[in-house]
Amino acid sequence: MQSIDLHAHTTASDGSLTPTELIALAAEIGLRAVAVTDHDTVDGLAEALEAARSLSLECVPGIELSIAYHPGKLHLLGYFIDHSHPGLCERLRVLKENRARRNERMIAKMQALGLPITLEEVAAEAGSETLGRPHMALALAKKGIVASVQEAFDRYLADGALAHVPKEKIALEEGIALIREAGGLAFVAHPHTLKLADDALPAELLRLREMGVDGMECYYSQYDPARILQFLQMAREAGLLASGGSDFHGAAKPLVRLGCVDGDRPAPLALLAAMKERRAERYGLPVSGSSAQTVRPSHASLSCASAPPSC
Ligand code: AMP
Ligand code: ZN
Ligand code: FE
Ligand code: FE
């Protein structure tokens with residue numbers, strides 16, 4: 001089975017492997033392609049693409065944008081983006097500045113609550129300059145202020161908790177436009193986090209497609225075969241493409257293994273072929289890569305037997 005993983009994080013956001021280490025692991029477990037999709041940043045992409053150049057592994061340059069959404073959480077994956085696109089880079093720079101300000105405000109709130117925690121201690125938990133709540137939680141736990149990362153969230157950091165400050169999020173229209181302007185395809189990540197009832201999801205998916213969304217993540221590390229089939233069917237009915245990825249974060253989320261969706265199975269290569277076709281149609285590009293034959297993702301993909309050795 002030729003397999004791929006179209007959702008993975010690095011130290012450019014909150015993953016624990018550097019882009020080079022992620023690409024090396026993907027090659028080691030025999031993946032054909034891996035998409036690097038850090039939260040609201042393209043900072044890891046140049047390194048990841050360079051690391052993949054000498055390997056028989058395709059690195060799909062990506063991003064995972066946090067979108068303003070109710071009732072749940074909408075994460076928008078951008079695939080095949082030009083990570084040097086000026087419009088995208090400028091917007092991400094502003095977003096990063098606002099995040100830094102939010103971190104300072106959250107740390108000030110914790111200090112006002114009497115917690116002995118500093119920005120430097122939080123920064124020491126991160127592999128890059130992009131800090132977030134997980135790094136605050138690690139710092140609080142390391143200092144013994146809380147017994148666990150989860151306690152840090154529950155008491156101080158979760159939405160609405162004592163030290164929480166909301167994060168600036170991109171509007172859906174803007175997120176789609178940013179990804180398209182940078183030559184990419186826009187996919188809804190882990191659609192269960194939209195927090196819509198199963199009977200409300202199809203209409204919402206149609207609305208998202210009409211707004212310019214290309215597809216949804218149907219294979220995911222937390223989804224069992226029945227869930228995957230359900231989402232594949234919903235995607236097809238809404239005219240959306242399907243993608244699949246683990247949401248690998250390394251040691252930061254130790255239960256999620258690179259290349260594994262649906263327990264111990266990989267996502268099929270055919271998904272990537274269909275995405276490349278869409279991209280070629282949209283942007284008038286030649287369909288590139290050895291995986292670009294016309295293959296439609298189907299339920300048959302679920303019966304694949306062999307899994308990457310890490311699974
Ligand atoms: P940030 O981007 O700084 O708002 O941090 C978001 C990350 O914090 C998410 O990706 C989760 O990993 C983590 N997170 C958010 N809320 C919770 C929660 N209630 N419990 C545990 N982890 C959480
Ligand atoms: Zn993350
Ligand atoms: Fe996500
Ligand atoms: Fe993710």
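The values are calculated or read from the model by the stated rules, or taken from the named source; none is laboratory data. Computed from a prediction, not measured in an experiment: that's the story for all the values here. Cβ coordinates were reconstructed from backbone atoms using ideal geometry, including for glycine residues, and neighbour counts include every protein chain displayed.
Residue pairs whose Cβ atoms lie under 7 Å apart, separated by 6 or more positions or on different chains, with the first residue in region 108-137 and under 16 Å from His9 (Cβ atoms) and touching a residue at least 24 places away in the same chain (Cβ under 8 Å) and the second away from ligand 2 (no atom under 13 Å from the Cβ) and assigned to a loop (DSSP other than H, G, I, E, B), are Gly127/Thr18; Ser128/Asp43; His135/Glu125.
On the stretch given as region 11-36, residues that are within 16 Å of ligand 4 (Cβ to nearest atom) and under 18 Å from Ala126 (Cβ atoms) total 10. The residue list Ile63, Ile4 contains one member that is part of a strand (DSSP E or B) and more than 14 Å from ligand 4 (Cβ to nearest atom), which is Ile4.
Can you tell me how many residues within region 43-58 are crowded, with 23+ Cβ neighbours inside 10 Å and either of a type in the set (A, V, I, L, M, F, W, C) or at positive phi (or both)?
Filtering region 43-58 for residues crowded, with 23+ Cβ neighbours inside 10 Å gives 44-45, 48, 52.
In the following step, the residues that additionally are either of a type in the set (A, V, I, L, M, F, W, C) or at positive phi (or both) were identified as 45, 48, 52.
So the count comes out to 3.
Residues in region 122-141 that are part of a helix (DSSP H, G or I) and under 24 Å from Thr41 (Cβ atoms): Val122, Ala123, Arg133, Pro134, His135, Met136, Ala137, Leu138, Ala139, Leu140. Scoring Met1 on the criteria (1) more than 16 Å from ligand 1 (Cβ to nearest atom); (2) among the aliphatic types (A, V, I, L, M); (3) within 16 Å of the chain's Cα centre (by Cα); (4) at pLDDT below 95 leaves a single failure, condition (3).
Scanning region 159-193 for residues that are farther than 26 Å from Lys276 by Cβ and within 16 Å of ligand 3 (Cβ to nearest atom) yields Asp159, Lys167, Lys169, His192, Thr193. Tallying residues that are within 24 Å of the chain's Cα centre (by Cα) and over 14 Å from Ala252 (Cα atoms) within region 129-156 yields 5.
If only residues of region 235-249 that are of a type outside the set (A, V, I, L, M, F, W, C) and within 16 Å of ligand 2 (Cβ to nearest atom) are counted, the one that is nearest to Pro202 (Cα to Cα) is Gly245.
Look at region 71-87: where a residue is over 30 Å from Asp159 (Cα atoms) and outside any strand (DSSP E or B), no partner that is of a type in the set (A, V, I, L, M) and at pLDDT below 95 sits 6+ places away or on another chain with Cβ atoms under 9 Å.
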